[in-house]
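Asks: Okay, handing you the structure first.
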Protein chains: 2
Amino acid sequence: MLSSRIGILGGGQLGLMLLQAAIDWNLDIHVLDPDPEAPCRRIAPKFTQGSLQDFDTVYNFGKDLDVITIEIEKVNVEALEKLESEGKRVYPQPAVIRQIQDKRIQKVFYTDKGLPTADFILTENRASVGEHLDFLPAFHKLGRDGYDGRGVQRIASEADLDKAFDQPGLLEKAVPFEKELAVIVARNPSGEVMTFPTVEMVFHPELNLVEYLFAPAEISEETDQKAQLIARQTAEAFEIVGLLAVELFLTPEGEVLINEVAPRPHNSGHHTIQANVTSQYQQHWRAILDLPLGSTKAYGPSAMVNLLGEAGFEGPAEYEGMEKLLATPEVFPFLYWKAITKPFRKMGHITIMDDNISALKEKVAYVTKNIKVISKS
Amino acid sequence: MLSSRIGILGGGQLGLMLLQAAIDWNLDIHVLDPDPEAPCRRIAPKFTQGSLQDFDTVYNFGKDLDVITIEIEKVNVEALEKLESEGKRVYPQPAVIRQIQDKRIQKVFYTDKGLPTADFILTENRASVGEHLDFLPAFHKLGRDGYDGRGVQRIASEADLDKAFDQPGLLEKAVPFEKELAVIVARNPSGEVMTFPTVEMVFHPELNLVEYLFAPAEISEETDQKAQLIARQTAEAFEIVGLLAVELFLTPEGEVLINEVAPRPHNSGHHTIQANVTSQYQQHWRAILDLPLGSTKAYGPSAMVNLLGEAGFEGPAEYEGMEKLLATPEVFPFLYWKAITKPFRKMGHITIMDDNISALKEKVAYVTKNIKVISKS
């Protein structure tokens with residue numbers, strides 16, 4: 001299995017971290033990405049520039065490979081289905097990507113499978129959102145192509161209706177929640193399933209992006225077991241091969257609800273590179289190459305802070321405060337090979353470890369306050 | 001400092017692991033190696049094929065870079081000296097490489113600096129070895145170009161004289177030793193020094209190659225402090241910038257003697273990738289980029305087994321037993337991107353962690369017995 005020719009659709013930061021993990025095993029990785037400046041460009045053993053959404057480009061990229069995987073869901077699924085029908089190992093399976101690509105299908109799937117999720121109503125356009133004023137406050141979510149904070153709007157009342165998307169979507173009940181949690185699950189073709197410890201995500205107040213996370217989440221043992229079980233059941237319901245990141249809401253009543261999932265490595269698992277025996281990236285390779293899954297044991301408490309481009313700066317990226325940061329023990333910055341910073345662009349992340357939880361939190365506060373991605377030109 | 005253009009002379013496995021660590025910080029790495037199939041070839045952002053020993057090749061490689069380092073000592077030092085004189089940051093410094101390249105100069109240096117090392121006699125050729133029969137048994141070491149077990153011969157008595165090298169070398173008293181230890185030291189241009197925990201190396205009975213190692217070494221606190229101090233003093237005596245791997249003998253009397261040193265990442269530090277907060281590779285980048293050195297704290301006991309090409313096999317490499325091995329928790333194989341295996345060629349290594357020392361040793365025994373690099377063609 002280690003000698004398979006492997007393709008990744010997408011060459012962003014998740015692809016970069018998959019590549020880095022692949023070095024250990026001499027994996028023959030080919031990357032497809034439309035951006036000639038994609039993070040993977042200079043590191044990938046083989047890089048092809050091309051559209052992820054064009055049938056021919058994706059098909060031609062995959063046809064001489066053995067295993068094809070993704071680091072982004074927005075890909076041409078028809079091409080992947082053809083590759084799969086011709087005997088290629090495509091993981092996650094095209095059918096799973098298809099279900100998850102569309103948040104409407106995703107939500108209906110949870111209901112069908114009896115998996116807990118917030119109440120919702122499917123909507124076809126902006127006008128149809130207006131027919132459900134009694135369901136507000138709610139989030140209006142675009143069915144397809146939402147990503148990194150785009151494609152979600154909070155509709156508190158009729159006055160917000162102009163913010164609703166005029167495309168197929170869904171209205172999801174705004175559940176009050178105490179915490180947002182995530183569990184990354186891996187499943188291999190033999191049906192072996194392994195979960196990473198539950199993490200707790202703190203979102204940026206405006207951006208609908210993870211600002212930082214703590215692992216493990218500070219939750220009761222009972223809640224943790226609930227989150228772990230739901231995540232495992234979700235991966236098993238999809239019968240996914242590969243990673244499934246399951247984002248969850250914890251309500252004040254102690255209910256755990258599925259928010260959404262991603263069928264790939266996820267922002268909520270970057271810290272596993274340092275903090276866990278097996279990283280999510282290595283686990284992904286194990287899963288899709290049908291190898292035994294690795295131990296997900298954590299070496300200790302950790303946190304992860306996303307390094308976003310500072311508002312007001314656009315141009316060649318500079319990392320303010322980095323040298324001083326490197327003098328702090330158990331702080332691990334990872335930069336994403338993006339030459340240009342833009343406001344709120346994900347430019348890197350910083351994993352932090354500390355056996356002392358309050359010291360860990362102090363380091364998080366230091367990092368969020370002092371490390372900035374700016375541009376001087 | 002993170003934006004420096006950096007060159008590595010040598011693109012073997014040490015270069016590969018340096019590259020892997022450099023991904024975290026988006027370091028712009030250029031690699032020079034004579035072998036078009038060098039391990040770094042497919043991963044390096046920029047790879048130049050060329051001789052490491054040719055003045056013009058090394059000079060031209062370095063002249064457009066900011067920082068030049070090495071992963072092998074056998075390089076053209078004159079070219080590095082010229083680059084240094086033109087203001088390039090060359091670390092380790094050419095003067096240090098020059099001292100270490102020649103084991104004769106190295107040994108004289110220890111004596112001059114009052115650093116403990118086994119007694120020795122400089123020899124000019126085979127005949128001059130014969131003039132010191134009363135010094136036997138001893139090891140005859142080639143002054144220059146010894147590597148990975150080549151360039152050392154045990155001369156027990158007059159009968160072995162034909163094994164002596166007919167080139168400048170040194171005769172080193174065969175000291176009986178209980179253990180062979182190693183300490184990797186890092187020093188940055190600001191003079192900050194940090195040592196990794198002492199490891200204990202077990203050599204292959206015939207090959208004069210590390211077969212496996214344990215970290216930390218099972219030695220008394222007193223011996224450990226002695227080893228750590230000698231390693232630190234050695235790095236400070238050389239005033240090296242970068243890593244210095246110090247190999248040591250522990251004698252039955254509890255004496256710690258310097259065997260030899262390497263001014264670069266070293267086989268005795270591979271396990272630090274998983275087992276320590278900062279790996280030797282990241283520490284090397286920190287040292288030569290004048291960044292604060294990282295914590296060398298170990299997460300727990302570990303071992304490292306070298307994966308050598310099995311005797312009797314030469315051809316496309318296959319890794320026997322790998323899938324089963326991957327089912328064992330906290331076992332981390334690393335393969336060196338070498339397509340062809342040859343008897344005793346270093347093809348990879350396996351790091352093993354376990355808080356339980358006897359379980360750790362059992363895993364080492366399992367790996368050395370069951371994992372084989374063979375070829376079927």
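Asks: Using label points projected 7 Å from each Cα along Cα→Cβ, tell me how many nm separate A:A311 and A:A127, to one decimal.
Replies: Between A:A311 and A:A127, the simple spin-label model gives 3.7 nm.
Asks: Can I ask one more? Hey, if you put +1 on the Cβ of every Lys and Arg and -1 on every Asp and Glu Cβ in region B:5-90, which of B:I8, B:A21, B:S85 ends up farthest toward the positive end of that dipole?
Replies: Of the options given, the answer is B:A21.
Asks: Every other copy gets compared here: list the nm distances from the A:T328 label point (7 Å along Cα to Cβ) to its counterparts, shortest first, one decimal.
Replies: 3.8
Asks: Shortest first and in nm to one decimal, what separations exist between B:S358 and its copies in the other chains, measuring from label points 7 Å along the Cα-to-beta-carbon line?
Replies: 4.1
Asks: Report, to two decimal places, the Cα Rg of region A:73-153 normalised by 2.2 N^0.38 Å (N = number of residues).
Replies: With N residues counted in region A:73-153, Rg over 2.2 N^0.38 Å equals 1.32.
Asks: Here's something else I'd like to know. How much length, in nm to one decimal, is gained on full extension between A:E86 and A:V108, taken as 0.36 nm per residue of separation minus their Cα-Cα distance?
Replies: 4.9 nm is the gain from fully extending A:E86 to A:V108.
Asks: Follow-up question, since we're still on this one. Over chain A, give the accessible area per residue in Å² for a 1.4 Å probe, as an integer.
Replies: With the other protein chains kept in place, chain A gives 38 Å² per residue.
Asks: Also: For region A:179-374, taking Cα atoms only, what is the radius of gyration to one decimal and the Dmax to the nearest whole Å?
Replies: Rg and Dmax of region A:179-374, Cα atoms, are 16.9, 49 Å.
Asks: Taking the rotation that carries A onto B, look along its axis and tell me which residue of A has the beta carbon nearest to it, distance in whole angstrom.
Replies: Here the nearest residue and distance are A:Y299, 2.
Asks: To continue, here is another question. At what distance in angstrom do the alpha carbon centres of region A:173-220 and region B:1-49 lie from each other?
Replies: 36
Asks: When the label point is put 7 Å from the Cα of A:E206 along its Cα-to-beta-carbon vector, which residues of region A:134-175 have a backbone N closer than 17 Å?
Replies: A:149-154
Asks: Using the C-alpha gyration tensor of region A:180-287, what are the square roots of 5 times its eigenvalues, in whole angstrom, with the largest one first?
Replies: 21, 16, 13
Asks: Given region B:5-90, report the % of alpha carbon pairs whose separation exceeds 18 Å.
Replies: Everything past 18 Å amounts to 33 percent.
Asks: Taking 2.2 N^0.38 Å as the expected size of a compact globular protein, what ratio does the Cα radius of gyration of the protein assembly as shown give against it, to two decimals?
Replies: 1.03
Asks: Could you compute how fast region A:119-173 diffuses translationally, taking Rh as the Kirkwood radius over C-alpha pairs and applying Stokes-Einstein at 20 °C with viscosity 1.002 mPa s? Give it in µm² per second.
Replies: 202
Asks: Another question, if that's okay. 7 Å along Cα→Cβ for the label point: how many nanometres lie between A:T111 and each equivalent label in the other copies, listed shortest first?
Replies: Sorted ascending, the copy-to-copy spacings read 8.8 nm.
Asks: Same structure, new question: Counting only other residues whose beta carbon sits under 11 Å from that of B:E172, what net charge do I get with K and R as +1, D and E as -1?
Replies: Net of charged neighbours comes to +4.
Asks: Moving on to the next point. If you take the square roots of the eigenvalues of the alpha-carbon gyration tensor of chain B and sort them as a ≥ b ≥ c, do you get rounded (a/c under 1.5), prolate (a/b over b/c) or oblate?
Replies: Because its axes are fairly even, with a/c under 1.5, chain B counts as rounded.
Asks: Once you place label points 7 Å from the Cα toward the Cβ at A:D160 and B:E320, how far apart are they in nm?
Replies: A separation of 6.5 nm, rounded to one decimal place.
Asks: Using r as the Cβ-Cβ distance of A:A339 and B:E253, and R0 as 51 Å, what FRET efficiency do you calculate, to the nearest 0.05?
Replies: The calculated FRET efficiency here is 0.30.
The values are calculated or read from the model by the stated rules, or taken from the named source; none is laboratory data. Because the structure is predicted, anything quoted here is derived from the model rather than measured. Note that each Cβ is placed from the backbone with ideal geometry, even for glycine, and that neighbours are counted across all protein chains shown. Accessible surface is based on the protein model in full, side chains and every heavy atom, while ligands, DNA and RNA are left aside. Shrake-Rupley method; radii C 1.70, N 1.55, O 1.52, S 1.80 Å.
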